[in-house]
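Single-structure report; data block below.
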Amino acid sequence: MKKLDTLCVQAGYTPKSGEPRVVPIVQSTTFYYEKASELADLFDLKADGYFYTRLANPTVDALEKKLCALDGGTVAIATASGMSATLLAILNVCGAGDNVVASRAIYGGSYNLFSVTLPKYGIECRFFDPDDSKENIERLVDDKTRVIFAETIANPTIVVLDFEKLADIAKRNKVLFMVDNTLVTPVLCRPLDFGANIVIYSSSKYLDGHAVALGGVIVDGGNFDFSSTDRYKEFLVPDESYHGLVYSSLGKTAFGVKCRVQMMRDLGAIMSPENAFLTNLGMETLALRMERHSENAKKVAEYLSKHPKVEWVKHASLESNPYHALAMKYMPKGQGGMMSFGVFGGSAKAAEFMEKLEMIAIVTHVADSRSCVLHPASTTHRQLSSADLEAIGIKDNLIRLSVGIENVEDIIADIDKALASI
Ligand SMILES: *Cc1c(COP(=O)(O)O)cnc(C)c1O
């Protein structure tokens with residue numbers, strides 16, 4: 001296998017003689033065939049090809065293949081957003097009466113999906129504290145559990161996932177282990193290498209990297225044997241809505257194919273060709289960017305940890321961080337650009353500090369090339385009660401800092417000036 005930085009540039013698209021060197025934007029909803037039988041073979045999955053962009057499109061396909069190569073999966077599906085990736089992946093295996101066992105330390109949007117929206121459709125979510133013991137977490141799993149869900153590095157609490165602990169529970173109970181790897185990317189950590197079965201991305205973050213294209217990706221690891229358990233009955237019986245296909249008979253592509261031919265067909269939410277093009281372009285520099293994001297963040301974290309006006313700093317590169325050992329085990333090359341810290345003086349001082357910044361902007365986004373900050377308690381997480389915030393580890397003075405790829409001296413100078421003025 002080629003190295004990850006090579007795959008970021010080259011994987012997913014190999015032109016034939018005379019074709020465009022760069023993956024083109026195929027801006028067409030549908031595809032032409034001379035014979036009806038050719039189309040019939042596509043519907044029967046007897047032939048590979050495109051017929052309708054809701055199910056597959058060449059530009060989107062190139063991006064999907066790149067993610068598959070980077071993560072070592074069997075099928076990838078690009079979606080309209082990170083939220084739709086999570087939703088489709090969950091609905092692919094869950095129905096009314098089933099449950100998801102999820103870490104409390106997850107992205108606010110995912111927490112809301114699990115705690116408010118999915119229950120309306122009869123899917124229960126049981127949250128665990130990521131620092132809890134294996135025994136206590138395993139107690140939440142029962143015969144209706146379909147997914148164990150966590151983030152590699154959680155947004156914005158910067159908790160690092162203990163893969164081994166959760167993979168053990170998942171394997172013993174034959175439950176799918178689904179990991180949102182958005183803030184780390186396959187360049188720094190490949191969840192499938194550590195026991196995950198399905199990997200989820202919001203490609204709106206580091207994969208695109210420039211804050212231009214919303215999107216998500218689901219990667220099927222192909223490492224879960226649906227025929228080894230009766231937990232996923234829908235995979236074992238013919239799908240009458242897809243002329244009797246038995247998904248488990250597809251082996252390593254069962255999850256991914258079902259997600260495409262059933263979930264995408266019925267729920268839509270595929271990534272647009274133009275967004276796939278932009279994401280693919282951004283990903284050519286992913287390996288370079290992740291290296292710089294990680295280096296810069298480490299230096300900023302060290303600077304903040306020594307500043308008298310800073311109460312606390314969380315970044316897994318710091319040796320004093322409780323997740324440092326886990327980070328060295330699962331993402332030794334770098335821990336990404338996301339960090340959080342608190343200034344003395346609570347919510348008001350946090351807001352004052354942010355307004356004093358000049359280069360680092362206040363935006364509802366993270367993980368692109370430009371450094372930015374956000375105060376989750378008053379923005380992205382404002383729908384949560386203070387008890388909920390406390391439960392997921394978000395203090396009122398928490399400032400989420402996404403360290404960009406600018407020169408680190410300029411980043412630190414901006415922070416230094418703002419801290420001096422509060
Ligand atoms: C942003 C984000 C999402 C949601 O992705 P969208 O593309 O905004 O829908 C999911 N998980 C994590 C960790 C995120 O940071």
* Structure fact -> For the stretch 199-245 the number of residues that are under 30 Å from ARG289 (Cβ atoms) and open to solvent by less than 60 Å² (accessible area, probe 1.4 Å) is 21
* Asked: Is it true that TYR206 is among the hydroxyl-bearing types (Ser, Thr, Tyr), in a strand (DSSP E or B) and within 16 Å of the ligand (Cβ to nearest atom)?
  -> no
* Asked: In this structure, is ALA325 within 24 Å of PRO186 (Cα to Cα), among the aliphatic types (A, V, I, L, M) and either touching a Gly at 6+ places or on another chain (Cβ under 8 Å) or not assigned by TED's automatic domain parsing to the domain that holds GLY222 (or both)?
  -> yes
* Hey, among SER317, SER249, which residue is surrounded by 15 or more Cβ atoms within 10 Å (Cβ to Cβ) and hydroxyl-bearing (Ser, Thr, Tyr)? -> SER317
* **strands (runs of 3 or more DSSP E) within the stretch 60-148 that include 2 or more residues more than 18 Å from ASN173 (Cβ to Cβ) and within 16 Å of the ligand (Cβ to nearest atom)** => 75-79
* Quick check, is PRO156 within 16 Å of the ligand (Cβ to nearest atom), part of a helix (DSSP H, G or I) and either β-branched (Val, Ile, Thr) or in the same structural domain as ALA78 (by TED's automatic domain parsing) (or both)? -> no
* **Enumeration of residues in the stretch 302-338 that are assigned to a helix (DSSP H, G or I) and either within 23 Å of the chain's Cα centre (by Cα) or of a type outside the set (D, E, K, R) (or both)** => TYR303, LEU304, SER305, HIS324, ALA325, LEU326, ALA327, MET328, LYS329, TYR330
* To do: Could you check how many residues of the stretch 300-314 are touching a Ser or Thr at 6+ places or on another chain (Cβ under 9 Å) and of a type in the set (Lys, Arg)?
  => 1
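The values are calculated or read from the model by the stated rules, or taken from the named source; none is laboratory data. Keep in mind the model is a prediction, meaning the values are calculated, not measured. Ideal geometry is used to build each Cβ from the backbone, glycine not excepted, and the neighbour counts take in all protein chains shown. The area values use the complete protein model at the heavy-atom level, side chains included, leaving out ligands, DNA and RNA. Shrake-Rupley method; radii C 1.70, N 1.55, O 1.52, S 1.80 Å.
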